[in-house]
């Protein structure tokens with residue numbers, strides 16, 4: 001899965017096929033508690049030993065293997081749940097980690113079985129940098145359009161790896177995100193698609209004080225990219241790296257201003273509705289927590305004055 005640390009992020013086309021994580025493995029087969037109790041009762045009756053039909057349920061042995069298997073990813077799930085991201089972005093990140101997005105590679109087998117040529121074309125990358133390549137002859141074994149004895153394609157297949165990493169339209173925006181993180185922490189993440197797409201902590205983790213910020217930047221960037229790709233299919237508007245950067249910066253600015261408002265004002269009291277109308281998974285942040293999360297090195301925002309005032313200045317310049 002590792003790639004060369006070049007200036008332009010690239011990865012091999014087989015990266016998605018070779019990458020696996022513990023949570024991708026199916027759960028080991030387990031016996032239902034009623035079946036286990038019935039089997040135990042039957043064995044005891046065959047041996048001539050009296051035994052109570054109802055026994056206290058103990059599933060520790062079955063759960064032990066699963067707990068050991070998924071322990072490294074509990075922290076990832078917990079951080080995503082408590083990150084403060086909106087519901088749509090959290091749902092998107094959950095599906096992305098499980099490779100469950102409605103992406104071209106997911107739709108293509110059904111389109112091939114139905115012989116839907118228009119649907120097959122919709123499974124290719126919608127970016128103009130890829131769609132403008134025209135028909136290409138693809139090697140045998142690669143999914144494409146069957147025309148006579150040749151397999152051709154109108155562009156690269158839209159896979160998770162291509163949509164969020166390999167697409168030429170995405171690469172400048174990824175460089176912007178890497179450069180932004182270097183300004184915040186002083187060191188960019190390794191150029192690895194698993195670091196961006198699923199945030200694999202076994203490959204790289206940011207400093208503990210910046211883990212939540214990296215999660216919000218990464219998920220906001222990926223969710224923006226996914227929304228713009230869908231907008232391209234619905235409105236036929238071209239998707240570009242500056243557009244991805246601009247929308248990501250605008251989304252981050254709204255999140256920063258919303259968190260600052262929650263940290264500096266008592267919204268339940270001002271609304272007059274009471275606190276039971278403002279239930280949330282996350283407790284109300286303090287101004288100090290807000291500064292530690294969003295104001296690292298003053299790159300994204302700064303807070304000044306005795307009566308706190310917020311200044312948001314997210315850089316949007318894409319590095320060459």
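The values are calculated or read from the model by the stated rules, or taken from the named source; none is laboratory data. Treat the numbers as computed from the prediction; the structure is a model and nothing was measured. For neighbour counting, all protein chains shown are included, and Cβ atoms are generated from backbone atoms with ideal geometry for every residue, glycine included.
Laid out as a table, the results:
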| item | result |
| --- | --- |
| Subset tally (residues that are in a helix (DSSP H, G or I) and at pLDDT below 80) for the range 221-239 | 4 |
| Some residue of the range 264-282 being at pLDDT below 95, part of a helix (DSSP H, G or I), under 28 Å from residue 316 (Cβ atoms) and in contact with a helix residue (DSSP H, G or I) (Cβ under 8 Å, 6 or more places away or on another chain) | yes |
| Residue match in the range 89-98 (condition: surrounded by 15 or more Cβ atoms within 10 Å (Cβ to Cβ), at pLDDT below 85 and either part of a helix (DSSP H, G or I) or not assigned by TED's automatic domain parsing to the domain that holds residue 210 (or both)) | yes |
| Hits in the range 227-244 (condition: crowded, with 19+ Cβ neighbours inside 10 Å and under 15 Å from residue 88 (Cα atoms)) | 228 |
| Selection within the range 192-207 - farther than 23 Å from residue 101 by Cα and at pLDDT 90 or above | 206, 207 |
| In the range 292-320, the residues that are within 15 Å of residue 265 (Cα to Cα) and in a helix (DSSP H, G or I) | none |
| Failed condition for residue 225, given (1) in contact (Cβ under 8 Å) with a residue 60 or more places away in the chain; (2) over 20 Å from the mean Cα position of the chain (by Cα) | (2) |
| Residues being surrounded by 12 or more Cβ atoms within 10 Å (Cβ to Cβ) and either at pLDDT 85 or above or in contact with a helix residue (DSSP H, G or I) (Cβ under 8 Å, 6 or more places away or on another chain) (or both) - total across the range 63-88 | 12 |
